[in-house]
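In what follows, a single structure is set out as structure tokens and then discussed.
The values are calculated or read from the model by the stated rules, or taken from the named source; none is laboratory data. Small disclaimer: the values here were computed from a predicted structure and weren't measured. Cβ coordinates were reconstructed from backbone atoms using ideal geometry, including for glycine residues, and neighbour counts include every protein chain displayed. Heavy atoms of the whole protein, side chains included, go into the accessibility calculation; ligands, DNA and RNA do not. Shrake-Rupley method; radii C 1.70, N 1.55, O 1.52, S 1.80 Å.
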Amino acid sequence: KQEVTQIPAALSVPEGENLVLNCSFTDSAIYNLQWFRQDPGKGLTSLLLIQSSQREQTSGRLNASLDKSSGRSTLYIAASQPGDSATYLCAVNQGGSEKLVFGKGTKLTVNP
Amino acid sequence: DGGITQSPKYLFRKEGQNVTLSCEQNLNHDAMYWYRQDPGQGLRLIYYSQIVNDFQKGDIAEGYSVSREKKESFPLTVTSAQKNPTAFYLCASSIRARIANYGYTFGSGTRLTVV
């Protein structure tokens, strides 16, 4: 059974700092991996989608990497801003199954 | 703009009452999903549907029912058999279920509270 773990559960940093959020999964036979952002009381906003054949994806100040063999993904946020404060969720999609398996998220606080 | 619309945003249910959560998408996506989110537990799949008039149970389907009469709509009914329905409910869609190349799109959620 696929399990997704996100470390740390919470992170507080000063504005301007570069940071890395970690996601690990137990079964490397995934189809793709998706990073989401969730603001309090809101739905999920897709940030980056990495296919199993890809090593990384970039969007603005965000860069996500994927290492299938080791079961790991990282989300790098450059020059963090208070507006980046949110919970970041990692989810894997295993080919052949119809569901995403989610980690419990990392709650990020960027202090002005 | 294309997207997923969930309504209502807040819903209150009395003991023994059935309530229905609405989910509508105009993305022309084939597959739709319902997830439940509880504090500290992450998201868990309730039901999913790959095509019209077909749906499958997820990990926590007991006490819930769904229908998929139209491609655009996937309503979720929380029945009185669901003993702990207070949670945040999220609807999602993707282009194709088995080959979800393009990822998932989520709605803004419905917060259900038992009163």
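Values for this structure:
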quantity	calculated
Cleavage-rule hits (GluC sites (Glu not before Pro)) in segment A:1-109: DSSP loop, at most 15 neighbouring Cβ within 10 angstrom	A:GLU3, A:GLU15, A:GLU17
Low-density loop positions, GluC sites (Glu not before Pro), segment B:46-100 - DSSP coil, at most 12 other Cβ in 10 Å	B:GLU62, B:GLU69
Simple label model, 7 Å out from Cα along Cβ direction - B:GLN17 to A:SER70, nm	5.3 nm
Probe 1.4 Å - accessible area at A:THR58, Å² to nearest ten	90 Å²
Unsatisfied cross-links (Cα-Cα over 21 Å) in the set A:LYS1/A:LYS99; A:LYS42/B:LYS57; A:LYS104/B:LYS14; A:LYS42/B:LYS14; B:LYS14/B:LYS70; A:LYS42/A:LYS104	A:LYS42/B:LYS57; A:LYS104/B:LYS14; A:LYS42/B:LYS14; B:LYS14/B:LYS70
Rel. contact order, % - alpha carbon contacts under 8 angstrom, at least six apart, chain B	35 percent
Cα-only Debye scattering, chain A: base-10 log of I(q)/I(0) at q = 0.12, 0.13, 0.19 Å⁻¹	-0.38, -0.44, -0.93
Alpha-carbon radius of gyration plus Dmax, which is the widest Cα pair, for chain B in Å	13.3, 41
Delta accessible area of at least 50 Å² on complex formation, residues of segment A:62-111, 1.4 Å probe, chain isolated as reference	A:GLU98, A:LYS99, A:LEU100, A:PHE102, A:LYS104
Exposure ranking of A:LYS107, A:LYS1, A:LYS68 by accessible area [1.4 Å probe, largest first]	A:LYS1, A:LYS107, A:LYS68
15 Å beta-carbon shell around A:ILE50, net charge (K/R +1, D/E -1)	+1
Of all accessible heavy-atom area on segment B:24-105, the percent that carbon and sulfur account for (1.4 Å)	46 percent
Buried area at the B-A interface (accessible, heavy atoms, 1.4 Å probe, summed, Å²)	1800 Å²
Heavy-atom accessible area per residue - chain A, 1.4 Å, Å²	46 Å²
Rounded accessible area of A:LEU47 (nearest 10 Å², 1.4 Å probe)	40 Å²
For segment B:1-42, alpha-carbon Rg relative to the globular expectation (2.2 N^0.38 Å, N residues)	1.46
Residues of chain B: accessible area per residue with a 1.4 Å probe, Å²	49 Å²
Probe 1.4 Å - accessible area at B:SER80, Å² to nearest ten	50 Å²
Residues in segment A:27-46 that, when all protein chains are in place, have 10 Å² or more less accessible area than the chain alone would give (probe 1.4 Å)	A:TYR31, A:ASN32, A:GLN34, A:PHE36, A:GLN38, A:GLY41, A:LYS42, A:GLY43, A:LEU44
Modelled FRET efficiency - R0 22 Å, A:ALA9 with A:LYS42, Cβ distances, 0.05 increments	0.70
Chain A: most fluctuating residue of A:GLY41, A:GLY83, A:GLY16 per GNM, C-alpha cutoff 10 Å	A:GLY41
Coil-residue chymotrypsin sites (Phe, Trp or Tyr not before Pro) of segment B:15-115, DSSP, other Cβ within 10 Å capped at 16	B:TYR102
The protein assembly as shown: radius of gyration over Cα atoms, expressed as a fraction of 2.2 N^0.38 Å	1.01
Percent carbon-and-sulfur accessible area, chain A, ignoring ligands, DNA and RNA, probe 1.4 Å	48 percent
Residues with amide H under 5 Å from that of B:LEU21, placed H, sequence gap 5 or more	B:LEU76, B:THR77, B:VAL78
Spherically averaged projected area of segment A:51-112 from its Cα convex hull (nm²)	5.1 nm²
Residue-count net charge about B:SER80 - beta-carbon cut-off 10 Å; Lys, Arg +1, Asp, Glu -1	+2
